[in-house]
Amino acid sequence: MTSSADSLSPADAMGLALSLARQASTIAPPNPAVGCVLISSDGMVLGAGHTQRAGGPHGEVMALRDAKARGSRVAGATAYVTLEPCSHHGRTGPCCDALIAAGVRKVVASIADPNPLVAGQGFERLRAAGVEVVVGPGADETRELNIGFFSRMVRKMPWVRLKIAASLDGKTALTNGVSQWITSEAARTDGHAWRARASAVLTGVGTLIEDDPRLDVRLIQTPRQPHLVVVDSHLQTPATAKIFDIPERKVWIYAAHRDEAKASALETRGASITVLANADGKVDLGAMLRDLAVREVNELHVEAGHKLNGSLLREGWVDELLLYLAPKFIGEGIGMANHAFADGPLSTLGGALPLEFRSFDRLGPDLRILARISGRDAF
């Protein structure tokens, strides 16, 4: 936390609010991650805070509480906040009312809240109370940090991020299916950090049967475990699977058919089963994603086998790829092409999947690439 003796420029104040918002990325879902800093007229930090777990205080209230704990007077202060202060009663009360009651003179917000229950109403209420409102600084950073929340509010769909670990020649497993471990411990730890910020992790029943993974967050500390989603057309998920050993998360199984005996065994373990079948007798992936949005899933982190990955990619449900490339050549094996083009090779380059590189990072010996489907964030 920045000391109250630090004098900040407006840019630095918003930078601090953004850093606080990033700290909330694994805590806040399904709420957006928001940071707030209260600044005096001479640039002193009066209080700062970020969104807590769902049902807990938002960033603005945490900043006001911090100011009170410091003995700071906030009347006449400027609040730098990374998202429009909420104006409705949800799990908590309206943050704009809390700022008004505290006597804040000015609010500098990065971007309007896409939630239809807010969507400019927070700004209107502040202005009606005589509070000056400025919108814009830090907008791109806030939107990227909360891309899943924006997706759910605007598209009524989660933001789908597909994680793939591969060798430099594009192989994700040996021909016998062995894939542990292609990448390094540093890459695997980073993968757990991406799991931690997601609302839910998605996998297929084939992965559960073959590997019996936990698919939880273990390699980093997290205050919240993402829920687990399983695509399982015929309810083949073993009732003894390790995914049921994480008590603090929900397990949602999507099926195309309901077998009462199998369903009963899985529901006894705590699973919630939803039947959503398409015309081919498989799980309707689009309907599943819309249902997950209703369940307040912002970011959906996919760790599945090449068949489910391929279906998600071919049907256009993936928004971006999280690729970990190891400096190894495997040769013959299961490749990344199996994910996107399981129906066979392309006949023309015009059929290639268009991507936009977002970032490149070194993680130990490996390379992490974040690549977005071209134009996917235009909402």
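Each row is one residue, and each column tells you yes or no for (1) farther than 22 Å from Phe329 by Cβ; (2) open to solvent by less than 10 Å² (accessible area, probe 1.4 Å); (3) under 14 Å from the mean Cα position of the chain (by Cα); (4) not acidic (Asp, Glu).
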{"site": "Pro137", "(1), (2), (3), (4)": "yes, no, no, yes"}
{"site": "Leu145", "(1), (2), (3), (4)": "yes, no, yes, yes"}
{"site": "Gly148", "(1), (2), (3), (4)": "yes, yes, yes, yes"}
{"site": "Arg155", "(1), (2), (3), (4)": "yes, no, no, yes"}
{"site": "Leu162", "(1), (2), (3), (4)": "yes, yes, yes, yes"}
{"site": "Lys171", "(1), (2), (3), (4)": "no, no, no, yes"}
{"site": "Trp181", "(1), (2), (3), (4)": "no, no, no, yes"}
{"site": "Ala187", "(1), (2), (3), (4)": "no, yes, no, yes"}
{"site": "Thr203", "(1), (2), (3), (4)": "yes, yes, no, yes"}
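Could you please tell me which pairs satisfy a Cβ distance under 7 Å, a separation of 6+ or placement on different chains, a first residue in region 290-307 that is open to solvent by 30 Å² or more (accessible area, probe 1.4 Å), and a second residue that is of a type in the set (Lys, Arg)?
Arg290/Lys156
So if I check each of Gly35, Gly49, Gly93, which one is open to solvent by less than 20 Å² (accessible area, probe 1.4 Å) and either among the aliphatic types (A, V, I, L, M) or farther than 21 Å from Trp159 by Cβ (or both)?
Only one candidate passes the filter, namely Gly49.
If I go through region 308-337 residue by residue, how many of them are part of a helix (DSSP H, G or I) and crowded, with 18+ Cβ neighbours inside 10 Å?
Residues in region 308-337 being part of a helix (DSSP H, G or I) and crowded, with 18+ Cβ neighbours inside 10 Å: 6 in total.
Only residues that are open to solvent by 10 Å² or more (accessible area, probe 1.4 Å), within 18 Å of Val302 (Cβ to Cβ) and either part of a loop (DSSP other than H, G, I, E, B) or among the hydroxyl-bearing types (Ser, Thr, Tyr) (or both): list them for region 249-273, please.
Hits for region 249-273 are Arg249, Lys250.
If only one of Leu215, Leu208 is touching an Asp or Glu at 6+ places or on another chain (Cβ under 9 Å), of a type outside the set (Lys, Arg) and assigned to a loop (DSSP other than H, G, I, E, B), which one is it?
Leu215
Would you be able to tell me the number of residues in region 73-124 that are among the aromatic types (Phe, Trp, Tyr) and over 19 Å from Ala21 (Cα atoms)?
So the count comes out to 1.
Looking only at residues in region 284-307 that are among the charged types (D, E, K, R) and touching a Lys or Arg at 6+ places or on another chain (Cβ under 8 Å), which one is nearest to Leu323 (Cα to Cα)?
The residue in question is Glu303.
Go through region 158-198 and count every residue that is among the aliphatic types (A, V, I, L, M) and in a loop (DSSP other than H, G, I, E, B).
5
Can you name the number of the only condition in (1) open to solvent by less than 30 Å² (accessible area, probe 1.4 Å); (2) closer than 22 Å to Glu124 by Cα; (3) not in a loop (DSSP other than H, G, I, E, B) that Glu84 fails?
Going through the list (1) open to solvent by less than 30 Å² (accessible area, probe 1.4 Å); (2) closer than 22 Å to Glu124 by Cα; (3) not in a loop (DSSP other than H, G, I, E, B), Glu84 breaks only (3).
Specify the residue that is nearest to Gly130 (Cα to Cα); the eligible residues are those in region 63-75 that are open to solvent by less than 50 Å² (accessible area, probe 1.4 Å) and not hydroxyl-bearing (Ser, Thr, Tyr).
Val74
Would you be able to say whether some residue in region 338-356 is within 21 Å of Ile182 (Cβ to Cβ), part of a loop (DSSP other than H, G, I, E, B) and at pLDDT below 90?
So far as region 338-356 goes, yes, one or more of its residues are within 21 Å of Ile182 (Cβ to Cβ), part of a loop (DSSP other than H, G, I, E, B) and at pLDDT below 90.
Which residues, counting only those in region 224-248, are modelled with pLDDT under 95, surrounded by 16 or more Cβ atoms within 10 Å (Cβ to Cβ) and of a type in the set (D, E, K, R)?
Passing the criteria: only Arg224.
Which of the residues spanning region 18-62 are of a type in the set (Gly, Ala, Ser), outside any loop (DSSP other than H, G, I, E, B) and farther than 28 Å from His227 by Cα?
Gly47, Ala48
For residues that are under 20 Å from the mean Cα position of the chain (by Cα) and touching a residue at least 60 places away in the same chain (Cβ under 8 Å), tally how many sit in region 100-121.
Within region 100-121, residues that are under 20 Å from the mean Cα position of the chain (by Cα) and touching a residue at least 60 places away in the same chain (Cβ under 8 Å) number 2.
The values are calculated or read from the model by the stated rules, or taken from the named source; none is laboratory data. None of the values given here were measured: they were computed from a predicted structure. A quick note on method: Cβ atoms are made from the backbone with ideal geometry, for glycine too, and the neighbour counts reach across all protein chains shown. When the accessible area is computed, the model is the full protein with side chains, heavy atoms only, and any ligands, DNA or RNA have been set aside. Shrake-Rupley method; radii C 1.70, N 1.55, O 1.52, S 1.80 Å.
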